[in-house]
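Computed from the coordinates by the stated procedures, all read-outs in this text should not be read as laboratory data. Predicted model, so just to flag it, every value in this text is computed and none were measured. Backbone-built Cβ (ideal geometry, glycine too); neighbour counts: all protein chains shown.
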Amino acid sequence: DTGVSQNPRHKITKRGQNVTFRCDPISEHNRLYWYRQTLGQGPEFLTYFQNEAQLEKSRLLSDRFSAERPKGSFSTLEIQRTEQGDSAMYLCASSLLTTGTSNTFGSGTRLTVV
Amino acid sequence: DQQVKQNSPSLSVQEGRISILNCDYTNSMFDYFLWYKKYPAEGPTFLISISSIKDKNEDGRFTVFLNKSAKHLSLHIVPSQPGDSAVYFCAARLSGTYKYIFGTGTRLKVLA
C-alpha cells in the first residue's frame with residue numbers, strides 16, 4: 001500500500017503529557033498538510049510543508065503545537081502539555097506540486113486526552 | 001466564523017436518482033473549490049475540483065457547479081449508487097495561500 005500512513009492510529013494520554021504523531025506521505029509527494037477534525041466538523045487546517053519548509057501555519061496552532069519535516073519525507077506533529085480540548089482526529093495529507101490541489105489523506109490519528 | 005457552510009447535515013436519495021449536495025461560502029478570495037468523500041474510519045478522498053474561473057466541471061457521474069455571484073457550489077451525483085453513501089465535504093482554498101477551509105459535511109445515504 002503506497003498511501004499516506006499515519007501512526008499511531010489511536011492515542012490516549014493524560015492531560016499535561018506530550019504526544020507525537022508521525023505521517024509518512026506518498027513517496028515523492030512534496031506537499032504535506034496537517035489537519036485537525038473534531039466531531040461534527042470538517043478538517044481544520046493546521047500547517048503546510050513544501051518539502052522540508054513549513055510555509056504556512058494556522059493561527060489556531062498554539063505554541064504547544066509544533067510540526068517538522070526534517071528531510072522533506074515523513075513529518076511529525078508534537079503537542080506539548082496536552083489539554084482535553086486537544087482531543088480530536090489529526091489528519092495528514094500529501095500531494096505533488098504538479099498535480100494541483102488534490103490531496104491524498106491518511107486515515108488519521110485519534111487523540112483522546114483524559 | 002464559518003466561511004464555508006454546508007447547511008444540510010444529511011440527505012437521503014433513492015438509488016439511480018440524482019444527489020445534489022450544496023455548499024455556500026462567504027469569502028470572495030477563494031480561488032479553488034474541492035469536494036471530498038469520507039467513509040467511516042478513513043481519511044477524506046478527493047472527488048472533484050473546480051477553479052473559480054470556471055462554472056462547471058464534470059468527471060463521470062460527478063459534476064460540480066460554481067455560481068460565483070451567489071457564492072454557491074453544488075455537487076451532482078448521477079446516478080446515485082449505494083456505494084456513494086458517505087459524508088461529503090466541500091473545501092475552498094484561500095487565494096495566495098496553501099490554506100484550505102472545509103465545510104462541516106453532509107451525510108449522504110443512497111437507499112437501494
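Things to note:
- The value of relative contact order for the stretch B:55-95, using C-alpha pairs under 8 Å at least six residues apart, is 26 percent.
- All Cα pairs of chain A, percent lying beyond 25 Å: 16 percent
- Gaussian network model of chain A, Cα within-10 Å springs - most flexible of A:Ser73, A:Ser62, A:Ser95: A:Ser62
- For the peptide A:41-49, the mean number of other protein chain Cβ atoms found within 10 angstrom of a residue's Cβ is 6.
- Residues of type lysines that A:Lys11 reaches as a straight line, Cα spacing below 26 Å, ignoring anything fewer than 8 places off in the same chain: A:Lys57, A:Lys71, B:Lys37, B:Lys38
- For the stretch B:53-65, 3J(HN,Hα) per residue [Karplus equation, 6.51 cos²θ - 1.76 cosθ + 1.60, θ = phi - 60°, Hz, x = Gly/Pro]: 8, 10, 10, 7, 9, 10, 8, x, 7, 10, 10, 10, 10
- Descending Cα extents along the principal axes, the stretch B:51-112, whole Å: 43, 22, 20
- Annotation: amide H-H contacts under 5 Å for A:Thr47 (H modelled 1.01 Å from N, sequence separation of 5 or more, or interchain): A:Trp34, A:Ser58.
- Prolate/oblate/rounded call for the protein assembly as shown, Cα gyration tensor, a/c under 1.5 rounded: prolate
- 3J(HN,Hα) couplings calculated from phi for the stretch B:20-37 with the Karplus curve 6.51 cos²θ - 1.76 cosθ + 1.60 (θ = phi - 60°) are, in sequence order, 10, 10, 10, 8, 10, 9, 10, 9, 6, 8, 6, 10, 8, 10, 9, 10, 10, 10 Hz; Gly and Pro show x.
- Candidates A:Ser102, A:Ser87, A:Ser27, ranked by Gaussian network fluctuation over chain A, Cα under 10 Å, top entry: A:Ser102
- Comparing mean-square fluctuations of A:Gly40, A:Gly16, A:Gly85 from a GNM of chain A with C-alpha springs under 10 Å, the top value falls on A:Gly40.
- Centroid-to-centroid separation of the stretch B:1-66 and the stretch A:1-73 [C-alpha atoms, Å]: 24 Å
- Per the Cα gyration tensor, chain B maps to an equivalent ellipsoid with semi-axes of 23, 15, 12 Å, ordered largest to smallest.
- Whichever lysines have a C-alpha closer than 21 Å to that of B:Lys54, once near sequence neighbours (fewer than 8 apart) are set aside: B:Lys5, B:Lys68, B:Lys71, B:Lys99
- Structural descriptor for chain B: relative contact order 37 percent, calculated from alpha carbon pairs under 8 angstrom and at least 6 residues apart.
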